[in-house]
Each structure stands twice: as C-alpha cells, then as structure tokens.
Amino acid sequence: MFFAAIGILIGIIIGLILPYTYSVTYSLYISVAILACLDSVFGGVRANLEGKFDLKIFLSGFFGNSILAAMLAYIGDKLGVPLYYAAIFTFGGRLFENFASIRRLLINRKRKESD
C-alpha cells in the first residue's frame with residue numbers, strides 16, 4: 001500500500017510539472033480509457049486488501065481494459081453509435097462496486113482491530 005501511495009504521489013507531481021494537453025478530438029477515448037484504468041486500480045486495491053493481488057493479472061487488466069475501452073469508443077465513433085456507453089456503464093459500475101468492497105473491507109478490518 002505504501003508503494004501505491006508513492007506511485008500516486010509521483011504521478012501527481014509529474015502531471016503538475018509536465019502538463020500534457022491533447023486535442024479535444026481524443027477526449028472521449030482518453031476519458032473512457034482513464035475510467036477503465038481507475039477500475040483496474042480500484043480492483044487492484046481490493047485484491048490487495050483481500051490478499052489476492054497478482055501483478056500479472058493487474059497489469060493485463062490495466063492495459064487490456066484501457067485499450068478495449070478506447071477501441072470500443074473508436075469503433076462506435078466510426079459507426080456513429082455511442083458504444084462508449086457500454087464502457088462507461090461497465091467500468092463505472094465496477095468502480096463503485098470495488099469502492100464499496102474496499103470500504104467494507106477497511107471497516108471490518110478496523111472493527112476486528114478494536115475488538
């Protein structure tokens with residue numbers, strides 16, 4: 001958990017020092033890919049709290065989900081169909097499920113420590 005916090009802090013510092021701008025054309029793809037990445041991060045935190053974390057599974061999910069979500073948005077854009085909604089609903093729903101599980105795990109862990 002310590003290394004994850006260090007990684008987030010380093011990422012924020014790099015983002016503030018080297019701000020990167022991109023074309024508005026790509027904002028849909030990037031936002032869907034970021035949502036997929038956040039889903040993977042929350043899933044990784046949940047797996048770590050449950051003692052089931054596997055780096056290979058995390059990395060394949062992190063990159064695979066983001067590429068899949070961006071490709072879905074791209075294909076939908078080319079077809080004129082908002083397929084990115086599928087990624088938003090799927091990854092957004094899982095993000096909230098993972099957050100709820102993390103919250104429950106932390107609360108139960110805190111209860112056990114106080115007993």
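The values are calculated or read from the model by the stated rules, or taken from the named source; none is laboratory data. Computed from a prediction, not measured in an experiment: that's the story for all the values here. Positions of Cβ are backbone-derived with ideal geometry, glycine not excepted, and every protein chain shown enters the neighbour counts.
Collect the residues in segment 4-57 that are in a helix (DSSP H, G or I), farther than 17 Å from Gly92 by Cβ and of a type in the set (Asp, Glu), keeping them in residue-number order.
Glu50
In the list Gly93, Gly80, which residue meets the criterion of being surrounded by fewer than 18 Cβ atoms within 10 Å (Cβ to Cβ), at positive phi and either in contact with a helix residue (DSSP H, G or I) (Cβ under 6 Å, 6 or more places away or on another chain) or free of Cβ contacts under 8 Å to residues at least 60 places away in the same chain (or both)?
Result: Gly80 is the single residue among Gly93, Gly80 that is surrounded by fewer than 18 Cβ atoms within 10 Å (Cβ to Cβ), at positive phi and either in contact with a helix residue (DSSP H, G or I) (Cβ under 6 Å, 6 or more places away or on another chain) or free of Cβ contacts under 8 Å to residues at least 60 places away in the same chain (or both).
Can you find even one residue in segment 17-31 that is at negative phi and either buried (at least 17 other Cβ atoms within 10 Å of the Cβ) or in contact with a Leu (Cβ under 6 Å, 6 or more places away or on another chain) (or both)?
Scanning segment 17-31, I find at least one residue that is at negative phi and either buried (at least 17 other Cβ atoms within 10 Å of the Cβ) or in contact with a Leu (Cβ under 6 Å, 6 or more places away or on another chain) (or both), so the answer is yes.
Within segment 56-64, is there a residue that is of a type in the set (Ser, Thr, Tyr), at pLDDT 85 or above and out of contact with any Gly (no Cβ under 7 Å at 6 or more places or on another chain)?
yes
As an exercise: evaluate Ile102 against (1) in contact (Cβ under 8 Å) with a residue 24 or more places away in the chain; (2) not in a helix (DSSP H, G or I) and give the number of the one condition it does not meet.
In the conditions (1) in contact (Cβ under 8 Å) with a residue 24 or more places away in the chain; (2) not in a helix (DSSP H, G or I), Ile102 misses (2) alone.
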